[in-house]
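Just below is one structure, and these are the notes that go with it.
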Amino acid sequence: MKNKLSMRILHRYLGYFLSGIMAVYALSGIVLIFRDTDFLKTDQQFEEKLAPKLSNEELGKELRYRDFKVTKEEGDIVTYKNGTYNKKTGVANYTEKDLPYVLNKLTHLHKASTDDPLYYLNIFFGCSLLFFVISAFWMYLPKTTIFKKGILFALGGVVLTLVLLFV
């Protein structure tokens, strides 16, 4: 009985601790759903001094744009989707849409790579969620109705996730 009690206590307090992290992840995940739209994004103007006389390919690389395409060239002015570049002076003026600072930082949680310190938070969070999955089945004896229903609900969650992933 002592082992069950300690698992329940660990599950409970880790759950309270992780509820704050889960709330932030939930909000940032919802915002990320709309990453391909302009929802909540604002225009930000930039002026960047680049090398003069860049070719169109070099300009796209310098601005770090995927699928960079020039829409018009008039004299020294190169126009592209988000701005202009002056070949003579090397000045690029462009507009980018971005989330407000706080939302941008929140969505960065989901995008953290091994180069980012948030990587450790993501690993801790993932391992903690796996602990939750396993410890949830320690709450009731395997012979009880609640445990059997819990297994069915867990399988239902796996099936729903797989259906949504592959359909």
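What to note about this one:
- Tally, over the range 67-88, of residues that are of a type in the set (Val, Ile, Thr) and either within 33 Å of the chain's Cα centre (by Cα) or surrounded by fewer than 12 Cβ atoms within 10 Å (Cβ to Cβ) (or both): 4
- Any hit, the range 90-100, residues being surrounded by 11 or more Cβ atoms within 10 Å (Cβ to Cβ), among the small types (Gly, Ala, Ser) and in a helix (DSSP H, G or I): no
- Being farther than 27 Å from Tyr119 by Cα, among the β-branched types (Val, Ile, Thr) and not in a loop (DSSP other than H, G, I, E, B) is a condition met by at least one residue of the range 37-54.
- For the range 36-52, a residue qualifies if it is surrounded by 12 or more Cβ atoms within 10 Å (Cβ to Cβ) and either under 14 Å from the mean Cα position of the chain (by Cα) or farther than 16 Å from Leu106 by Cα (or both), and the qualifying residues are Phe46, Glu48, Leu50, Pro52.
- Positions within the range 131-141 being surrounded by 10 or more Cβ atoms within 10 Å (Cβ to Cβ) and out of contact with any Lys or Arg (no Cβ under 7 Å at 6 or more places or on another chain), in sequence order: Phe131, Phe132, Val133, Ile134, Ser135, Ala136, Phe137, Tyr140
- Subset of the range 107-125 [part of a helix (DSSP H, G or I) and either over 24 Å from Phe34 (Cβ atoms) or β-branched (Val, Ile, Thr) (or both)]: Thr107, Tyr119, Tyr120, Ile123, Phe124
None of the figures in this text is laboratory data; all of them are computed from the coordinates on show. These numbers come from a predicted model, not from an experiment. Methodologically, a virtual Cβ is constructed for each residue, glycine included, from the backbone with ideal geometry; neighbour enumeration extends over all protein chains shown.
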